[in-house]
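What follows is a short report on a single structure.
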Amino acid sequence: MHTGKPFKIHARHTLWATGGIGGVYDHSTNYPQLTGDACYIAQEHGITMEHLDYVQIHPTGLFSPQPGRTFLISESCRGEGAILLNAAGERFTDELQPRDVVAAAIREQMKQDGTEHEWLSFAPVDRDVVTGHFANIRARCLEDGRDILDEPIPVTPTQHYFMGGVWVDKDGRTSMPELYAAGETACNGVHGKNRLASNSLLESLVWGRRAAWRMRTGESLAVEQAGEPALDGRHRALSADSLAIDDLARAAGTQAVEE
């Protein structure tokens, strides 16, 4: 029944999967209803949280004064040669620096210019690359009346992912008994301070599965053998030539292949 009134659900185990915190930012690639609800509840009840300042800001979201999700302009655009311009049409930073460095440079330039955005120009990018690799980006910008083949587009640093959150162990357990968390809600240490893209799947799929197994059996899910060689955390040289990583592994005692 949809009465609009809160009601209680009693469960032996509960898993939080409330997403990230994008909804508290003016510009985010996430849905506005994702407002860090689990973190608020955790704070009220003394549940351990970790690294709440670990927030990934993507340098180039398509600026729009309208509310809602911000469209992400992939960093691969800058990898192909697109450049950042200030209000005077001047390039002001090295676009190939790490995301957080480029985002900080854009924010600083916005302060100097007194604007809500800067500009991304595709002029140095081959037109065939734009129409081929970036067809979806071009189509989205055309909806706003801008053709990236002919003019720069307004971009602004945009909240993209929350690496911190409610602390969990390897099975998704929080510091409160029988309460679990998975996905962007949780902080399990697979990212560090700057998000590693594919690790977002780990937070949801791997930790979700491990949490479900723990809730169902009361035991930790054993590490499974997958592929060959076994995923035992030991380094294996791939060729007869000595590479730097081989030397490092040998020095650390994690080289699995006898020479």
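Taken together, the values in this text are just the output of simple stated rules run on the coordinates, not laboratory data. In this text, all values refer to a predicted model and were calculated from it rather than measured experimentally. Backbone-built Cβ (ideal geometry, glycine too); neighbour counts: all protein chains shown.
The table for this structure:
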{"read-out": "Cβ charges +1 (Lys, Arg) and -1 (Asp, Glu), total dipole of segment 64-112, debye", "value": "220 debye"}
{"read-out": "Eligible lysines near LYS193 by straight Cα distance, threshold 26 Å, same-chain separation 8 or greater", "value": "LYS111, LYS170"}
{"read-out": "Shape of segment 173-215, Cα gyration tensor, a/c cut at 1.5", "value": "oblate"}
{"read-out": "Radius ratio Rg over Rh of segment 89-203, counting only Cα atoms, Kirkwood formula for Rh", "value": "1.11"}
{"read-out": "Span-rule helices in the chain, defined as complete DSSP H runs reaching 27 Å or more along the axis (Cα) with Kyte mean at least 1.6", "value": "none"}
{"read-out": "Residue of LYS111, LYS170, LYS193 that the Gaussian network model of the chain assigns the largest fluctuation, springs spanning Cα pairs under 10 Å", "value": "LYS111"}
{"read-out": "Estimated [θ] at 222 nm from DSSP helical runs (n ≥ 4, -39500 (n - 2.57)) normalised by residues in the chain, nearest 500", "value": "-7000 deg cm²/dmol"}
{"read-out": "Cα shape, segment 5-153, gyration tensor, a/c 1.5 rule", "value": "prolate"}
{"read-out": "Debye-sum result for the chain in log10 I(q)/I(0), which assumes one identical scatterer on each alpha carbon, at q = 0.07, 0.09, 0.10, 0.17 Å⁻¹", "value": "-0.36, -0.59, -0.70, -1.19"}
{"read-out": "Proxy reagent accessibility, fewest Cβ within 10 Å first, across VAL24, VAL206, VAL155", "value": "VAL24, VAL206, VAL155"}
{"read-out": "Which of GLN33, MET49, PRO6, positive extreme of dipole for segment 1-55 (C-beta unit charges)", "value": "PRO6"}
{"read-out": "14 Å beta-carbon shell around PHE92, net charge (K/R +1, D/E -1)", "value": "-2"}
{"read-out": "Candidates ALA197, ALA222, ALA139, ranked by Gaussian network fluctuation over the chain, Cα under 10 Å, top entry", "value": "ALA222"}
{"read-out": "Within-15-Å neighbourhood charge of ARG173 [Cβ basis; K, R +1; D, E -1]", "value": "0"}
{"read-out": "ALA104 versus GLU224: modelled label distance in nm, points set 7 Å from Cα along the beta carbon direction", "value": "4.1 nm"}
{"read-out": "Mean separation of Cα contacts under 8 Å (6+ apart) over length of segment 44-120, as relative contact order %", "value": "29 percent"}
{"read-out": "Segment 1-50 shape via C-alpha gyration tensor axes, a/c threshold 1.5", "value": "oblate"}
{"read-out": "Contact order relative to length of segment 1-64, as percent, for alpha carbon pairs under 8 angstrom and 6 or more apart", "value": "21 percent"}
{"read-out": "Among LEU72, LEU15, LEU248, residue whose mean-square fluctuation peaks in a GNM of the chain (springs only between Cα atoms under 10 Å)", "value": "LEU248"}
{"read-out": "Residue-count net charge about THR29 - beta-carbon cut-off 15 Å; Lys, Arg +1, Asp, Glu -1", "value": "+1"}
